[in-house]
């Protein structure tokens, strides 16, 4: 069966959340939004392409930073309304220069930074 991005369930803005996970380690790196065209571009190029809501433009991860996400596999959840991109991440995934965007934990009611920025 051939995959068609139009068969996914998008929100009222035409977007679907996509979680990026390091394929080799299972580390959760980030969450960003895609639309049908960015899903298609990701599958065509092998470079993960998101939709930037703030810029209203396509965003190829690593295009300006060099912190590329190479697609290993794209997975759909059971409701087809969320994606999981298994990737090979080069460098930090977060714009704060951390490996993951999930660098703050809530422990005993307090926020705790659990990951420092990557040193250049």
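Extension gain for the segment residue 4 to residue 82, taken as residue separation times 0.36 nm less the Cα-Cα distance, is 26.6 nm to one decimal.
Rounded to the nearest 10 degrees, what's the angle between the helix 36-45 long axis and the longest principal axis of the chain, both from Cα atoms, 0 to 90? On a 0 to 90 degree scale, this one is about 80.
Please give the contour-minus-distance gain from residue 25 to residue 111: 0.36 nm per residue of separation, less the Cα-Cα distance, rounded to one decimal in nm.
Details: separation 86, 0.36 × 86 = 30.96 nm, distance 2.51 nm.
Using 0.36 nm per residue and subtracting the Cα-Cα distance, I get 28.4 nm.
Helices in the chain, meaning DSSP H runs of at least 4 residues, each add -39500 (n - 2.57). Divided by all residues, the mean residue ellipticity at 222 nm is -2500 deg cm²/dmol. Estimated translational diffusion coefficient (Stokes-Einstein, Kirkwood radius over Cα pairs, 20 °C, 1.002 mPa s) of the stretch 5-90: 168 µm² per second.
Highest mean packing comes first when the peptides 34-43, 103-112, 64-73 are listed by Cβ atoms within 10 Å, giving 34-43, 64-73, 103-112.
Most simply put, the chain has about 80% antiparallel DSSP beta bridges, counting only bridges with both residues inside it.
Read-outs: derived from the displayed coordinates by stated rules, not from any lab. It should be emphasised that the depicted structure is a prediction, and the values quoted were computed from it without experimental measurement. Ideal geometry is used to build each Cβ from the backbone, glycine not excepted, and the neighbour counts take in all protein chains shown.
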